[in-house]
Amino acid sequence: MPDNWELYYWGPNVVGRAEFIRLIFEELGMKYKEINKGVPAVFTSGQLEGYPTRAPPMIKNGEFQLSQMPVICMYLGKKYGLYPDNEADEYHAMQVMATISDYITEGRLCFHGVNWQASYFTQQEETKPYIKHFTTNRIPNFLNHFETALSRNDGGKGYLFGTKLTYVDLALLHILRATESQFPEEWNALGNIPLLKAFKVRISERPNLAAYFKSDRCSPFEGNSMM
Ligand SMILES: N[C@@H](CCC(=O)N[C@@H](CS)C(=O)NCC(=O)O)C(=O)O
């Protein structure tokens, strides 16, 4: 039976954590159906059948459903060949994926420093120092680390691991696009991440991804949070 994936999120027009998963399906040229359950309460209340999911994104194929974005990416990467080919790279890829998850969590937190669940627009003034701290200290800290990780494979001219694209390259692409979009001044001022900047251009130009970015399936970043 062919795989028939559904992607559950806040909506097809919301970029967020679902985008990591969309990039995998798009790169693979796989069809997927977006299901908008509207509010996370649908997940926490246990209204969904099948294995419990606390918060979106979630993927579903037949009886099988899975949440936690980094785990979904690893699962799809392994299943469809976007995966490192040796054990050391396999676990280093998981390490980078976990660090990417830390980065977006910190990035989101700084826009919601007063109330994690309330809209940014209710805490715009109070969050200014948190955002400043993130852009001044944390963006360079994380991106310098990713620059170093990339440089360790083939001088940083190809992929993070080995000689082919993996799920973690796509995740790295997403956070670089998000960072440039949300913090253009800081992004442009970052002079010490040349490999990451070239990587972002190079991976974005892959035919399926380039077509996706031009399509109406790809929504713009909202501009009021990390992504
Ligand atoms: N660690 C989880 C975080 C999931 C998460 O925070 N989902 C957001 C949307 S991007 C949400 O709806 N959260 C509701 C909640 O946590 O109650 C992941 O990476 O998937």
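Hey, what D do you get for the chain in µm²/s if you plug the Kirkwood alpha-carbon radius into Stokes-Einstein at 20 °C and 1.002 mPa s?
Value of D from the Cα-based Kirkwood radius: 117 µm²/s.
The number of Lys pairs in the chain with C-alpha atoms less than 20 Å apart, excluding pairs fewer than 8 positions apart on the same chain, is 18.
Using the Karplus relation 6.51 cos²θ - 1.76 cosθ + 1.60 with θ = phi - 60°, the per-residue 3J(HN,Hα) values for segment 62-67 come to x, 7, 8, 9, 8, 10 Hz, with x marking Gly and Pro. Net length available on complete extension from residue 47 to residue 71 is 6.4 nm, with 0.36 nm assigned per residue and the Cα-Cα distance removed.
Using the Cβ atoms and a cut-off under 13 Å, what net charge is assigned to the surroundings of residue 176, where Lys and Arg are +1 and Asp and Glu are -1? Neighbourhood net charge equals -1. Here the peptides 158-166, 17-25, 190-198 are ranked by packing, the mean other Cβ count within 10 Å, and the order with the highest first is 17-25, 158-166, 190-198.
Carbon and sulfur: what percent of segment 5-80's accessible surface (1.4 Å probe)?
Here it works out to 53 percent.
In the full protein context, the chain carries 51 Å² of accessible surface per residue, based on a 1.4 Å probe and ignoring ligands, DNA and RNA. Taking other residues whose beta carbon is less than 14 angstrom from the beta carbon of residue 69, and scoring Lys, Arg as +1 and Asp, Glu as -1, yields +2.
Where does segment 26-109 land on Rg(C-alpha)/(2.2 N^0.38 Å)? Mind showing how you got there, number by number?
Working: Rg = 14.6 Å, N = 84, 2.2 N^0.38 = 11.8 Å.
Normalised Rg, Cα atoms only: 1.23.
Highest mean packing comes first when the peptides 3-11, 173-181 are listed by Cβ atoms within 10 Å, giving 173-181, 3-11. What FRET efficiency do you get for residue 152 and residue 55 if R0 is 30 Å and r is their Cβ-Cβ distance, rounded to the nearest 0.05? Taking R0 as 30 Å, the efficiency between residue 152 and residue 55 is 0.35. Solvent-accessible area assigned to carbon and sulfur over segment 87-206 amounts to 51 percent, based on a 1.4 Å probe. Close amide H partners of residue 34, meaning residues 5 or more places away or on another chain with modelled amide H under 5 Å apart, are 7. For residue 58, the residues whose amide H sits under 5 Å from its own are 8, ignoring neighbours fewer than 5 places away on the same chain, with H placed 1.01 Å from N. Segment residue 90..residue 185, full-extension length gain: 30.7 nm, with 0.36 nm per residue of separation and the alpha-carbon distance subtracted.
Taking each residue as 0.36 nm, the span from residue 144 to residue 221 lengthens on full extension beyond its C-alpha to C-alpha distance by 25.4 nm.
The values are calculated or read from the model by the stated rules, or taken from the named source; none is laboratory data. The model shown is predicted, which means the values in this text are computed figures rather than measured ones. Ideal geometry is used to build each Cβ from the backbone, glycine not excepted, and the neighbour counts take in all protein chains shown. Just so you know, the surface numbers come from the protein's heavy atoms only, side chains and all, with ligands and any DNA or RNA stripped out. Shrake-Rupley method; radii C 1.70, N 1.55, O 1.52, S 1.80 Å.
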